[in-house]
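Right, one structure below, let's go through it.
The values are calculated or read from the model by the stated rules, or taken from the named source; none is laboratory data. Given the structure is predicted, the values throughout are model-derived calculations rather than measurements. Positions of Cβ are backbone-derived with ideal geometry, glycine not excepted, and every protein chain shown enters the neighbour counts. Ligands, DNA and RNA are stripped out before the accessible areas are found, and what is left, the full protein with its side chains, is counted by its heavy atoms. Shrake-Rupley method; radii C 1.70, N 1.55, O 1.52, S 1.80 Å.
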Amino acid sequence: MQAMPGISLFPGKVLSSSGALGQLPSEARAFGSRGVVVYGRALGQSGGLLARLAKAPGMEMLMHAHAGGEPTLAEAESLLALARAHRADWIAGVGGGSVMDLAKSAAGLFNAAMPLSAYHDGAALEKPGIPFLAAPTTAGTGSEATPNAVLTNTVTGRKKSIRDASLVARVALLDPDLAALCPRPVIAHSGMDAITQAVEAFTSRKATSLSDALCREGLRLLAGNLESFHAVPEGGAAGAMLCGSFMAGLGLAMARLGLVHGIAHPLGARFGVPHGHVCAVALPLALELNRPAIGAKYETLGSAVGCDIIEFVEGLIRRLGIKQPFRGKPIRDREAIVRETLASGSTAANPKSVERADVEWMLDRLFQPGR
Ligand SMILES: [Fe+2]
């Protein structure tokens, strides 16, 4: 294992405190006075927070609400057109992973020559876009820490990342007051996504000493605080969850992920199940499959959560009330799901070399009839 990743990407500045969102206009001003703020339901329903942000003196900010759901290429294209028409100097995302990925893709591709779909299909970005600022309201996808934006092409049904070093946030605002606005089911799903990301990046075949340190501590914070944050979404648990999610995001940007994220995209896109929900139910299966390949790191995962890692994840899923969304359903598009999982960059980083039979086994277990 390498001590350090070949490339380490970090946001330019990280502000982490209660009320940090209030500093968004003054931080953005360094990039120019014209900006677009993309926001999700949590901020939209907060009323006062959104109004205060919109009234920042000397700024010409366009406030753009994301309708909800996982972000699509078409939504990113229309945001990009809006931001170009506004002659934006920067774009901020204040919301969950969907909002941040939408804002990040529009900022990153602001100066791109081709349609957004070309980069979604794998074309390299010719030149950087405009600065992206990120304030997560969930803990979380870690999108505020990563150089990729996940979008779904609704024509082909393909959900994948646009990835470029220039997409990393110039400013990340980790505000526990924002995370406390999050609805409970979203707290459960996004928290399980963050835990999965910490586990997969820690056990990835691309893991390094640096990503390991981030993921181990990130997992400890997430595992120790998700239940209390879910029960009472405020206070110290919110800050710990935001920090753990951010650390896991940094880790995955360095080490990539694994089979859970390889299968989560094709399954989530086809069955309309939230990303974190798919991650939660697939993680124990991936751990079972990967256990021989993980070696001593399996025990290290247990040390971070205080007991056997598979038992911990299964218990947490039960206590958070997360249901099995696929159980007993027919596996539509089975062949395409297998093909896309095997082609995924996340699957390529999985500790066990993933064969067709492994993906078939996981699908059969996820969709098996029963309780
Ligand atoms: Fe994820």
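The figures follow:
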| item | result |
| --- | --- |
| Selected residue (only one of Ala81, Ala107 is free of Cβ contacts under 8 Å to residues at least 12 places away in the same chain, closer than 15 Å to Ile130 by Cβ and outside any loop (DSSP other than H, G, I, E, B)) | Ala81 |
| Which listed residue, of Ala293, Ala286, is crowded, with 19+ Cβ neighbours inside 10 Å and small (Gly, Ala, Ser) | Ala286 |
| Leu173 open to solvent by less than 30 Å² (accessible area, probe 1.4 Å), assigned to a helix (DSSP H, G or I) and either closer than 25 Å to Gly108 by Cα or more than 14 Å from the ligand (Cβ to nearest atom) (or both) | no |
| Count - residues of region 1-14 that are surrounded by 13 or more Cβ atoms within 10 Å (Cβ to Cβ) and either assigned to a helix (DSSP H, G or I) or in contact with a helix residue (DSSP H, G or I) (Cβ under 6 Å, 6 or more places away or on another chain) (or both) | 2 |
| Some residue of region 209-219 being aliphatic (A, V, I, L, M) and within 12 Å of the ligand (Cβ to nearest atom) | no |
| Residue within region 185-204 that is outside any helix (DSSP H, G or I), more than 16 Å from the ligand (Cβ to nearest atom) and either farther than 14 Å from Gly96 by Cβ or more than 17 Å from the chain's Cα centre (by Cα) (or both) present | no |
| Qualifying position, being open to solvent by 20 Å² or more (accessible area, probe 1.4 Å) and touching a helix residue (DSSP H, G or I) at 6+ places or on another chain (Cβ under 7 Å), among Arg318, Arg356 | Arg356 |
| Test: residue in region 134-151 that is away from the ligand (no atom under 14 Å from the Cβ) and open to solvent by 10 Å² or more (accessible area, probe 1.4 Å) | no |
| Criterion: within 13 Å of the ligand (Cβ to nearest atom) and not assigned by TED's automatic domain parsing to the domain that holds Glu340 - qualifying residue of Ser161, Ser166 | Ser161 |
| Odd one out for Leu301 among (1) under 17 Å from the mean Cα position of the chain (by Cα); (2) at pLDDT 95 or above; (3) of a type outside the set (D, E, K, R); (4) away from the ligand (no atom under 16 Å from the Cβ) | (1) |
| Pairs where the first residue, in region 295-323, is in contact (Cβ under 8 Å) with a residue 60 or more places away in the chain and the second is among the polar types (S, T, N, Q), C-beta under 7 Å, 6+ apart | Lys297/Thr203 |
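Let's see how each residue does on (1) assigned to a helix (DSSP H, G or I); (2) touching a strand residue (DSSP E or B) at 6+ places or on another chain (Cβ under 9 Å):
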| site | (1), (2) |
| --- | --- |
| Ala238 | yes, no |
| Cys243 | yes, yes |
| His261 | yes, no |
| Leu267 | yes, no |
| Val273 | no, no |
| His277 | yes, no |
| Leu285 | yes, no |
| Glu299 | yes, no |
| Pro325 | no, no |
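Conditions (1) at pLDDT below 95; (2) assigned by TED's automatic domain parsing to the domain that holds Val155; (3) touching a His at 6+ places or on another chain (Cβ under 8 Å); (4) on the phi > 0 side of the Ramachandran plot, marked per residue:
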{"position": "Gly244", "(1), (2), (3), (4)": "no, no, no, no"}
{"position": "Met254", "(1), (2), (3), (4)": "yes, no, no, no"}
{"position": "Gly262", "(1), (2), (3), (4)": "no, no, no, no"}
{"position": "Arg270", "(1), (2), (3), (4)": "yes, no, no, no"}
{"position": "Pro274", "(1), (2), (3), (4)": "yes, no, yes, no"}
{"position": "Ala282", "(1), (2), (3), (4)": "no, no, no, no"}
{"position": "Ala286", "(1), (2), (3), (4)": "no, no, no, no"}
{"position": "Asn290", "(1), (2), (3), (4)": "no, no, no, no"}
{"position": "Ala293", "(1), (2), (3), (4)": "no, no, no, no"}
